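Scroll down for the structure; my scribbles are underneath it.
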Amino acid sequence: MSDRNILIIYTGGTIGMVKSPVTQSLVPMDFSNISDKVPELKMFNFKIRTITFESPIDSSEMCPEIWAKLVHLIKDNYDNYDGFVILHGTDTMSYTASALSFMLHNLQKPVVLTGSQLPMGTIRTDGKENLIAALEIAAAQENNQAIVPEVCIFFQAKLYRGNRTTKYNAENLMAFRSDNYPHLADVGIHIKYNYPYIRYTTMGNMFSVTDRMEPNVAILKIFPGITRSVVSSILTAPGLRGVVLETFGSGNAPTAPWFLGELRSAIERGVIMINVTQCMVGSVEMWRYDTGIHLMEIGVVSGYDITTEAALTKLMYLLGNYTDVSEIKSILNKSLRGEISIR
Ligand code: ASP
C-alpha cells in the first residue's frame, strides 16, 4: 500500500441515482459505502475516503454557494490528500469544473470531476469505469509530483481540461467535448498523458481559495429576429454586472442602432460584456466583419475561444474578486487557468 490518499466528494448526479419506487424517476441515493458498490476500489494501492453531501443534488441545482462549499472542502483537506475526485451530475459539470478552476489558486493537486450517463446500479453503467479511471488519474504522480495538477473532467476514456469542456450529448455515453483544446490524457490499455498540454503552476506558490462569486450575471444568446424588449429586459435587470454575449460565427451580431444602443448603455452603466461564439469550434475575431467591429467599438470584450461555461464563471469570479472595471476587462483577455488560447 502506498502512502497516497485520495478524497472522493459525492455531490449527487446520475452516477449515484436510483429509481424512486413512488414516481419511477431517478432520485439521488446514499453513496457513503461506495466500495461495497464498487469492490474494485479495494484493489487500489492507495487509500480512499469519501465525503457525501448530506443531501445529494441533481446538478441542475448547482449554484455558487455549493461551489463555495466544494472549495472549502478541498481547502480543509488539501494537506491530507494527494488528489480529489468529485462525483457530479453531468448536466452542469462543465460549469462546476470551470468555476473551481478559477476559485482554486495555485492548485498543485488533481481535482478530477466525473459522473455517468447510466446510474451505478445498472448493468451497463459507465459510472464504474469513469470512477476507477478518475481515481487512478487523481493518484498519478511522477517524481512525487501530481501528473495532472488541474481541475479536469474524466469521461469515457478521455481526460479534459475542465474549463474547456461542454456537455453536448444527452444520450451518448461520450457526453463531453473540448473542441478548442486537446485532451489531457487518453485512457486505453495504458493511460497516455498528453504532457505538453498539461498546465503546471509555479511550484512554491501557496495554494489558496476564494469563495466569492458574483451571481448577478447573464447569458444573452442572440438569434435572428431577437426583439428589443428581450434584449432590454436582460440588460436592465436590476444589479446586473456582467453579460456573456453569445454571438454568431466569429463574434458577429446585428448592427441595428437599437441593438447597439442597448448594449452601449449597459456598458456605460458599468456592465462588463464578453463576446463568445455560439459555434463549438473556433474563436471570436471581432475585427473580421463589420458586424463584429461595432461590438468592439462600444467596448465588448473578446472571449476568444472560451466556452460559455468558462466565460460565465470567469466573469462571476472576476466580478466577485476585483472592483476595477478596466482591470477586469484586461484579465478577461488573459488566460488564468488555460481557459483561452492566449497568454
Ligand atoms: N440530471 C443529472 C445531473 O446532472 C444527469 C447526470 O448526472 O448525468 O445531475
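In segment 1-144, the ratio of gyration radius to Kirkwood radius, Rg to Rh, stands at 0.96 when only Cα atoms are counted. Spin-label pair Asn321-Leu173: with each label point 7 Å from Cα along the Cα-Cβ axis, the two points sit 3.7 nm from one another. Between the helical axis of 93-103 and the longest alpha-carbon principal axis of the chain there is an angle of about 80 degrees. The calculated 222 nm mean residue ellipticity attributable to helices in the chain amounts to -8000 deg cm²/dmol, summing -39500 (n - 2.57) over DSSP H runs of n ≥ 4 and dividing by all residues.
Eigenvalues of the Cα gyration tensor times 5, then square-rooted: what semi-axes does that give for segment 185-343, in whole angstrom, largest first? Please list the in-between numbers first.
Values: eigenvalues 186, 79, 37 Å².
For segment 185-343, the semi-axes come out at 30, 20, 14 Å.
Distance between the 7 Å Cα→Cβ label points at Arg199 and Val22: 4.3 nm.
Could you give the alpha-carbon Rg of segment 281-338 over 2.2 N^0.38 Å, rounded to two decimals? Could you put the intermediate results ahead of the total?
Details: Rg = 12.0 Å, N = 58, 2.2 N^0.38 = 10.3 Å.
Normalised by 2.2 N^0.38 Å, the Cα Rg of segment 281-338 equals 1.17.
Hey, what's the Kirkwood Rh for segment 231-302 if you take every pair of different alpha carbons, in angstrom? Please list the in-between numbers first.
Details: mean 1/r = 0.0824 Å⁻¹.
Computed over segment 231-302, the radius equals 12.1 Å.
Our estimate of slack between Ile123 and Lys329, defined as 0.36 nm per intervening residue step minus the Cα-Cα distance, is 69.2 nm.
Stokes-Einstein diffusion for segment 73-125 at 37 °C, viscosity 0.692 mPa s, with a Kirkwood radius from C-alpha pairs, works out to 262 µm²/s. For the chain, the longest principal axis of the Cα atoms and the long axis of helix 64-77 meet at an angle of about 40 degrees. Checking the Cα-Cα distances for Lys167/Lys314; Lys47/Lys109; Lys109/Lys329; Lys128/Lys314; Lys69/Lys314; Lys128/Lys192 against a 26 Å cut-off, the pairs over it are Lys109/Lys329; Lys128/Lys314. Between Asn333, Asn275, Asn205, the residue with the greatest mean-square fluctuation in the GNM of the chain (Cα pairs under 10 Å linked by springs) is Asn205. Note on the chain: with a GNM built from Cα contacts shorter than 10 Å, the maximum mean-square fluctuation among Phe154, Phe223, Phe46 falls on Phe223. Over all Cα atoms in the chain, the spread is summed up by Rg and Dmax: 20.7, 68 Å.
Extension gain, Val281-Arg49: 0.36 nm per intervening residue step, less the Cα-Cα distance, totals 79.7 nm. With springs only between Cα atoms under 10 Å apart, run a GNM on the chain and tell me which of Ser208, Ser302, Ser178 wobbles the most. Per the Cα network of the chain with a 10 Å cutoff, Ser208 tops the list.
For the chain, what's the relative contact order in percent, using C-alpha pairs closer than 8 Å and at least 6 residues apart?
Working: 721 pairs, mean separation 50.3, N = 343.
So the answer I get is 15 percent.
Evaluated over the Cα positions of segment 96-236, the convex hull gives a direction-averaged projected area, one quarter of its surface, of 12.0 nm².
Every number in this text was worked out from the coordinates using simple rules, so none of it is lab data. Fair warning: this is a prediction, and the values are worked out from it, not measured in the lab. Cβ coordinates were reconstructed from backbone atoms using ideal geometry, including for glycine residues, and neighbour counts include every protein chain displayed.
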